[in-house]
């Protein structure tokens, strides 16, 4: 699922030449600001068919955290 | 001019005063509410107990509803939320962040929640989280800003959500109000014009700078820190922008602006103070009472719309 999330991130945020790892922090490594995060949430919802309530956004600090979050929501590998 | 916002907030006119740090205190908020708009106390980084005092003092001046703007980035935001609920405030606008985690408490207290949004996606998610309306704020605004313009942001947010949209950023007279309504907004939020209101406690030196400002006199500092701020250019902004150009760190930049807004608002230091104001300062030309400002805005807006209809749409 990491690959899928990474691919989505690359497309959504135009991160063409950036290596995306599980431990990549949105803020520090990927320079994703809070507004980008809202965009990303919408894209994740579309891609994985889940609803991500806005109060959960604070948990989504790294790419790995997103993967973990989706797994907990029942998204299959 | 009635709209879903005037109904929702039980106000006479669809005009909301921006929650400007230091500027939006009880005198101004009460005067705007008393004039038929919605006055807002800007909690900014004030201690929660100071916010409580401000709410109470505003209530001594008006029985009409007043709101509080909570800056979510501020570490004491949870305490401010508590105070707002305890004091029975009916409307909250939120800035600099995502209010979703407080939504349940606000709703339980019967508070109308109006987040300030800077993008379409944020507006959509706020609607889903239970927001009653959103303020779509363009980068023409003063103080902390996003990067989209009011002209582009407002119609896109209007398309994206079903809750009413309040336009902010670059609105300074009745033409701006009319334009915002034609873009689909149902109210406006204004800051800069209220800085120079008679009831505003802003130092006369600061007011004079706003009144004398020309169209090109505002500057954006702090882009390198990720928190851009629009203000009127002065010695402070020149120094700040020079440091930013040289690649100065956050600490050095923060030291320069430490207490600088207070310096401008309270002490009237127009050299080293931060003179936050929107781009529309160039259009703001005189000090008037809040009642004069709001009534003039509404008369102008209606006249402009009638003229427009006669000239272009009949």
For chain B, what does the relative contact order come out to in percent, with C-alpha contacts under 8 Å and a separation of six or more?
17
Find how many whole Å separate the alpha carbon centroid of region B:5-62 from the alpha carbon centroid of region A:6-32.
41
With the contact rule set at Cα under 8 Å and sequence spacing of 6 or more, what percent relative contact order holds for region B:214-276?
31
With springs only between Cα atoms under 10 Å apart, run a GNM on chain B and tell me which of B:14, B:228, B:47 wobbles the most.
B:47
Go ahead and run the numbers for FRET between residue B:198 and residue B:10, Cβ-Cβ distance against an R0 of 25 Å, rounding to 0.05.
0.50
Using DSSP, restrict attention to beta bridges with both residues in the protein assembly as shown and report what percent are antiparallel, rounded to the nearest 5.
25
Spin-label point model (7 Å from Cα, Cβ direction): what's the residue A:28 to residue B:220 distance in nm?
2.8
Mind ordering B:148-156, B:161-169 by average Cβ neighbours within 10 Å, highest first?
B:161-169, B:148-156
Percent antiparallel among DSSP beta bridges confined to chain B, nearest 5, equals 20
With N residues in chain B, what two-decimal value do you get for its Cα radius of gyration over 2.2 N^0.38 Å?
0.94
Which angle between 0 and 90 degrees, to the nearest 10, do you get for helix A:34-48 versus the longest principal axis of chain A when only C-alpha atoms count?
50
Please state the relative contact order of region B:1-135 as a whole percent: Cα pairs under 8 Å, 6+ residues apart?
18
The extension gain from residue B:238 to residue B:107, computed as 0.36 nm times the residue separation minus the Cα-Cα distance, is 42.7 nm
Between residue B:227 and residue B:90, how high is the FRET efficiency from 1/(1 + (r/R0)^6) when r is the Cβ-Cβ distance and R₀ = 35 Å? Nearest 0.05.
0.75
Just to confirm the number: angle between the C-alpha axis of helix A:2-13 and the first principal axis of chain A, 0 to 90 degrees, nearest 10?
60
With each label point set 7 Å from Cα along the Cα-Cβ vector, what nm distance links residue B:310 and residue B:267?
5.3
Shape verdict for region B:157-203, please, from the Cα gyration tensor: rounded (a/c under 1.5), prolate (a/b greater than b/c) or oblate.
prolate
Tell me, what is the FRET efficiency for residue B:82 and residue B:56 to the nearest 0.05, using R0 = 25 angstrom and their Cβ-Cβ distance as r?
0.95
Mean-square fluctuation maximum in Gaussian network of chain B, Cα pairs under 10 Å, restricted to B:58, B:187, B:109, hits B:109
Connecting C-alpha atoms closer than 10 Å in a GNM of chain B, tell me which of B:183, B:38, B:253 has the biggest fluctuation.
B:253
Take the Cα radius of gyration of region B:214-276 and divide it by 2.2 N^0.38 Å, with N its residue count; two decimals is plenty.
1.04
Between residue B:152 and residue B:296, what length in nm is gained on full extension when 0.36 nm per residue of separation is reduced by their alpha carbon distance?
49.2 nm
Note: chain A at 4 °C, 1.567 mPa s; Kirkwood Rh on alpha carbon pairs; Stokes-Einstein D in µm²/s works out to 105
Using the Kirkwood formula on the Cα atoms of region B:121-189, what hydrodynamic radius do you get, in angstrom to one decimal?
11.8
Cβ density ranking, 10 Å radius, fewest first, applied to B:93, A:62 yields A:62, B:93
Inside 10 Å of the C-beta atoms of A:50-56, what's the mean count of C-beta atoms belonging to other chains?
5
Assuming 1.306 mPa s and 10 °C, estimate D for the protein assembly as shown with Stokes-Einstein, Rh taken as the Kirkwood radius over Cα pairs, in µm²/s.
73
Relative exposure of B:86, A:55, judged by other C-beta atoms within 10 Å (fewest first)
B:86, A:55
If we count other beta carbons within 10 Å of each Cβ, what is the order of B:25, B:60, fewest first?
B:60, B:25
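Coordinate-derived values only; no laboratory data. Everything numeric in this text was worked out from a predicted model, so none of it was measured. Glycine gets a Cβ as well: all are built from the backbone with ideal geometry, and neighbour counts include every protein chain shown.
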